[in-house]
Amino acid sequence: MVRLLMLFIVLVLTTVCSARQLSNQQLYQTLDSLIEQYNQLTADKERRVAIIKDGVKGLKLTPEQQYDLNQRLYDEYVAYKFDSAFYYIDKNVKALSGSSDHDRFAASAVRMAHILAVTGLFDRARRLLDKVNPDSISDQQKIAYYTQQSELNLYRSEMALATKYFYDYIKRAQYYRQLVMQIAPKDSYDYIFNQATYICEAGDTDQGIRILEDYLRKTDLGTRTYSIITSTLAFFYQKKGIPQQQEYYLLLSAINDERSAIRENNSLRSLSEVLMARGNNDDAYRYLLQAISEAKFYGSRIRMMQVGRMAPQILQLYDAERTQTQQRTNLLLFVISFISLVLAGIIIYTLILYRKKHAAGLQIIEMNKMLASHSAEIENVNTQMKEANRIKEEYIGRFLELSSLLISDGEQRLKQLNRLARERKLEELYAELKTMEPVNKGIRKFHSHFDTAFLNIYPNFICEVNRLLNSESQFAVEVDGTPVKHLSTELRVLALIRLDITDNQKIADILRSSITTIYTYRSKLKAKAINKETFEDDVRRIATYR
């Protein structure tokens, strides 16, 4: 059944590319369907790789056969799982180190440099490429070598965004693109892609778009090349300020990534940015969570950093919505409290009037009439008190009704689920049950409460941490003149260390992160410290100042 569905999706996407008959809304439905099959698609990918491995079990391979096998497994893992791709290509690099076979060493070194660059290990990638002598390798390997040099400089430019080094890296990437175009066949992907990106960077975005759109018609679906071209076209349309076309190509790229189990991707994150800019925060958050999940699965620090930059923006929007809801609730409570105070004042004033009337009657009525009048007044007061009690009951009833309305929202969801189950709409029921929004909301509340409680106890914590760090690595204490009220992930790690929780696994469990991510954060923070040896001990000595 799954294979038939996948075949149907391929046919639909083929129609999209040739005639563009599907709307963006239909593409979103296709993308959501593929995301729901995430586990199945991952399992299919694992089975394909297992078939390759099982095919050589028990066989004694020659060095050349082992080289080819490692190369093939690397190609399977390169966009799927970082550590596995690194493992197999590292075997070839080590086996060919010092070898006279310059072409094969260059092929392995370029692949290793790519996988290192993808995960952010730029210096190691550069040092490995420096070992390749382009004058001693074939034109085919030169193309791969220059392409990787260009890619490495693009990654470094992204990390140097908004710094004076950004354009230096862009210029070097342009230089290597020119070298590729000098030796690559003019009808090859390497020539056409580098030509389009070079022209676009030089200022002629329209020509770059025409070149890639013409080549896209000849590109097979399901390939990484298809994902790269559509993602690049989305970037070109973003530069031109045409968000509709940008969104269209991001959808094609993301669909191809999900269908092909490509976990090293950027389209879902970019798509969530488009949706967030349009005000569709729920879908933006959903796609961002999927992008985070895939980046963690692959192990790419660059992609994690990219999605990490967006998370605070979406959380800020959710906080703004929550604040607005809280303000409306506070206003309603204020109105109810005001009405209650007015009613209490009326009751008190009524009692005062009746007391005055009773006092005046005592002065003009005879004793026996006074006793009767007194009884009548008591009865009258009791009647008024009963009326007051009815008024209280009415307002209590209204308050309970209001509370009931709030509770009914939860009941409506239960009824909806029961209805779906009763009508056997299992796919819709599964979609409703599968949603992680309640869990995610709990995580956000946990982070918010943790941040607020911690900063109440340690109000000067961020300032004290900054005193332990180099000046260029310090955290912001204020945003637009307002003190920071929420901690970043790095500061939460330090906060837990301040609370004497130092085990990486415990910190990862509390922050719902991976132990590798926590280890990376701690290593980076220690590297930024003035005194690296005593940094975490210094953090644990930060006082409350209360």
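Computed from the coordinates by the stated procedures, all read-outs in this text should not be read as laboratory data. It should be emphasised that the depicted structure is a prediction, and the values quoted were computed from it without experimental measurement. Cβ sites come from the backbone with ideal geometry, for glycine too, and all protein chains shown count toward neighbours.
Here the spin labels are modelled as points 7 Å beyond Cα on the Cα-Cβ line, and at Y519 and S33 they lie 4.1 nm apart. Summary of packing: across the peptides 55-61, 73-79, the per-residue average of other C-beta atoms within 10 Å ranks them, highest first, as 73-79, 55-61. Each label was represented as a point 7 Å from its Cα along the Cα-to-Cβ direction; for R355 and K164 these points are 8.1 nm apart. Put simply, the Cα atoms of segment 437-540 extend 42, 35, 22 Å along their principal axes, the longest span coming first.
One Cα centroid belongs to segment 259-289, the other to segment 491-516; the line between them spans 27 Å. Ranked by the mean number of other Cβ atoms within 10 Å per residue, highest first, peptides 475-485, 510-520 order as 510-520, 475-485. Once the Cα-Cα distance is subtracted from the 0.36 nm per residue extended length, the N460 to K441 segment shows a gain of 4.1 nm.
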